[in-house]
């Protein structure tokens, strides 16, 4: 049962369309619908098949930072809608069929998408899509730059552009986690006071959405991205900052220096150190300096070094501050450690 896709009721059942509070566009005119979808997504060709079927098109849309959530229903009583979408280069499209079926040709593969499955279409290849009568779509448009940025943060620099396998994925396991998060967000957006769209939570919410997708659907960097699943492997950007600390701990390093060495934002670096080192980047630097100073004091013996010498050699320009930090960390003054080392 664990590998079975979730029941279609896990999403939204007809005749309801998600994002009711975010009704964006409705029309019975095919040309108006075509122009609206070009504006909402990207330039593409749109035609109908099976004569001239009447349409009752509806599109609900909500935006969260650089991603959009889209619920569409062409309202076809018969016939089909056919689209040809050239490479957009700037957005990934997560596709779900809420009801009915849609057919796709993408990356040289032909497949049908039914409720209980999801597919990710990459921006580097054209897309052919045929929507059958009764098919209701849910599409998440994710910014390529943002998603590839998350990938770089988690696994380091990569040479090849991110490309997902378009094969339909059953909404189970990690894909179910992704979809539950989407459902929670969308249901929350339909409330008057939505926490997910608060300015202080939007960025974190968007990051969580992207990382859940990267773990849920196979892509050309999955081996690297999933290799640390269930482990506590330290991200590359934390290791880079640590390398700079080890090499230049005696210098007057700043947080900007650590951020530059890590190659990520200050927020990402701070979160990485909190998660994997239980400290801030600058707090980690101070603890590293204190450990070096303690080792030096313990082995000084008859070297003639003073506490001031040791403080300066380990990046502490102010002796009184060094003594306070040292006593707080080790429960004794550095002068006591020095005397013990000489006696030892």
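A few notes on this one:
- Scope region 251-288; condition within 19 Å of residue 314 (Cα to Cα) and part of a helix (DSSP H, G or I); matching residues: 255, 257, 258, 281, 282, 283, 284, 285, 286, 287, 288
- Residue 153 crowded, with 20+ Cβ neighbours inside 10 Å and farther than 25 Å from residue 180 by Cα: no
- Check on residue 305, surrounded by 15 or more Cβ atoms within 10 Å (Cβ to Cβ) and at pLDDT 95 or above: no
- You will find that of 262, 241, 300, the residue that is within 20 Å of residue 336 (Cβ to Cβ), in contact with a helix residue (DSSP H, G or I) (Cβ under 7 Å, 6 or more places away or on another chain) and not assigned by TED's automatic domain parsing to the domain that holds residue 211 is 300 and no other.
- Residue count for region 69-112, restricted to those that are within 20 Å of the chain's Cα centre (by Cα), surrounded by fewer than 19 Cβ atoms within 10 Å (Cβ to Cβ) and part of a strand (DSSP E or B): 0.
- Of everything listed in (1) surrounded by fewer than 20 Cβ atoms within 10 Å (Cβ to Cβ); (2) out of contact with any helix residue (DSSP H, G or I) (no Cβ under 6 Å at 6 or more places or on another chain), the single unmet condition for residue 138 is (1).
- Qualifying residue in region 271-282 (condition: buried (at least 16 other Cβ atoms within 10 Å of the Cβ) and at pLDDT 90 or above): yes
- For residue 120, the requirement of being assigned by TED's automatic domain parsing to the domain that holds residue 52, buried (at least 19 other Cβ atoms within 10 Å of the Cβ), in contact with a strand residue (DSSP E or B) (Cβ under 7 Å, 6 or more places away or on another chain) and in a strand (DSSP E or B) is met.
- For residue 84, the conditions (1) modelled with pLDDT of 95 or more; (2) out of contact with any strand residue (DSSP E or B) (no Cβ under 6 Å at 6 or more places or on another chain) all hold with the exception of (2).
- Selection from region 30-66 of residues that are under 20 Å from residue 136 (Cβ atoms), out of contact with any helix residue (DSSP H, G or I) (no Cβ under 8 Å at 6 or more places or on another chain) and not in a strand (DSSP E or B): 30, 32, 33, 34, 36, 37, 40, 41, 50, 53, 54, 56
The values are calculated or read from the model by the stated rules, or taken from the named source; none is laboratory data. In this text the structure is predicted, and so the values were computed from the model without any measurement. Every residue, glycine among them, receives a Cβ derived from its backbone with ideal geometry; neighbour counts consider all protein chains shown.
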